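The values are calculated or read from the model by the stated rules, or taken from the named source; none is laboratory data. What you see is a predicted model; the values in this text were computed from it and never measured. No Cβ is skipped: glycine too gets one built from the backbone with ideal geometry, and neighbour counts run over all protein chains shown.
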Amino acid sequence: AQSVAQPEDQVNVAEGNPLTVKCTYSVSGNPYLFWYVQYPNRGLQFLLKYITGDNLVKGSYGFEAEFNKSQTSFHLKKPSALVSDSALYFCAVRENRGNAGKSTFGDGTTLTVKP
Amino acid sequence: SQTIHQWPATLVQPVGSPLSLECTVEGTSNPNLYWYRQAAGRGLQLLFYSVGIGQISSEVPQNLSASRPQDRQFILSSKKLLLSDSGFYLCAWSAWRGSREQYFGPGTRLTVT
C-alpha cells in the first residue's frame, strides 16, 4: 500500500520570502514522487517529479523539491515566493514497480503568499 | 504536444437525471486515463482508471460508471444522479509506462439540484 501525508492544510508566507510545503510518503518499494499545483476552478498542473538520482529536483516556475529517503519526505520549496504562487498544492506518490499505474495524492496544502 | 479536453465545463442537473461527461486526449497513443472527483476544492478521489480500450477499474462503489470506447476517449456516466454526486470532476491521462505523471483536463463543475 502507498500513502501520502501533507501535514499542513494552510501555509502563509510573505512575498519574497522562501516557502516550503511539506510532504511525507509511504511505499513498499522505491517511490516515484510528484508535485502538482491547482489554481481556482482549474485542473491540476504537473510541477515536478523525482524518479531517481539527484535528491534535489527542479521544476516549473522556479519550484524545487528535495527527496529525503531516510525521512521519507519530498518537500516543495521555492527561494522567493510570489503572490501568483498562491494556489492549492498536491503531493503524490507511486511505487516504482511493474504496472502499478495509480498515484496516491495527498489532501492538498493551500499556499497563500501575501504582498 | 499532448492536449486533454473535457466538456462541458459546467453542468447543473436535477436529481434523478442521467449524466455523461466526456474526456478526450490528443497527441499520444495508448494513454492511461483517470476520472477523479474533487469536493470543496480539497482532496482528489479516484473514481475510475483505464489502461486500454474497454478496460475499466472502479475504485469506489457508487452510481457512476465509466467507459472507454476509443483509445483516447473516456466517458463518465450515471443513470440517475444523486445530490452527493455534486463536485468538480477531473479527467487525467498519463503515459502507459515510465513515471506516469498525470496531466489533467480543465474539469467539469457538476451541481445536482
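Does B:L47 count as over 16 Å from A:S103 (Cβ atoms) and more than 8 Å from every other protein chain (Cβ to nearest Cβ)?
no
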Problem - Residue selected from segment B:50-67 under the condition among the small types (G, A, S) and assigned to a strand (DSSP E or B), by the criterion farthest from the chain's Cα centre (by Cα) - result: B:G52
Practice task
Consider B:T113 carefully, then state whether it is within 11 Å of chain A (Cβ to nearest Cβ) and of a type in the set (S, T, Y).
Solution key: no
Practice task
Scan segment B:81-111 for residues that are touching a Phe, Trp or Tyr at 6+ places or on another chain (Cβ under 8 Å) and in a loop (DSSP other than H, G, I, E, B) and report the count.
Solution key: 5
Handout entry: Matching residues, segment A:69-87, being within 14 Å of chain B (Cβ to nearest Cβ) and either of a type in the set (V, I, T) or under 19 Å from B:Y103 (Cβ atoms) (or both)
Key = A:A87
Practice task
Write out, first by first residue and then by second, each pair whose Cβ atoms fall under 6 Å of each other, whose residues are 6+ apart or on separate chains, and whose first residue, in segment B:82-102, is on the phi > 0 side of the Ramachandran plot and crowded, with 17+ Cβ neighbours inside 10 Å while the second is in a loop (DSSP other than H, G, I, E, B) and modelled with pLDDT under 95.
Solution key: B:G87/B:A39; B:R100/A:G101
Exercise for the section: Given the conditions (1) within 12 Å of another protein chain (Cβ to nearest Cβ); (2) farther than 18 Å from A:C23 by Cβ; (3) not aliphatic (A, V, I, L, M), report the number of the one that A:F90 does not fulfil. Expected result: (2)
Exercise for the section: Search segment A:16-36 for residues that are over 13 Å from B:E101 (Cβ atoms) and pair each with any residue that is in a strand (DSSP E or B) and of a type in the set (S, T, N, Q) when their beta-carbon atoms are under 6 Å apart and the residues are at least 6 apart or on different chains. Expected result: A:V21/A:T109; A:T24/A:S73; A:S26/A:S3
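Scan segment A:3-56 residue by residue and report those that are assigned to a loop (DSSP other than H, G, I, E, B), surrounded by fewer than 20 Cβ atoms within 10 Å (Cβ to Cβ) and touching a Pro at 6+ places or on another chain (Cβ under 8 Å). Can you show your working first?
Restricting attention to segment A:3-56, the residues satisfying the condition of being assigned to a loop (DSSP other than H, G, I, E, B) are A:6-9, A:15-18, A:22-23, A:27-30, A:39-43, A:51-55.
This time we only want the ones that are surrounded by fewer than 20 Cβ atoms within 10 Å (Cβ to Cβ), so: A:7-9, A:15-18, A:22, A:28-30, A:39-42, A:51-55.
Selection gives A:E15, A:P18, A:K22, A:R42.
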Exercise for the section: Could you please let me know if A:F74 is in contact (Cβ under 8 Å) with a residue 12 or more places away in the chain, closer than 16 Å to A:W35 by Cβ and touching a helix residue (DSSP H, G or I) at 6+ places or on another chain (Cβ under 9 Å)? Expected result: no
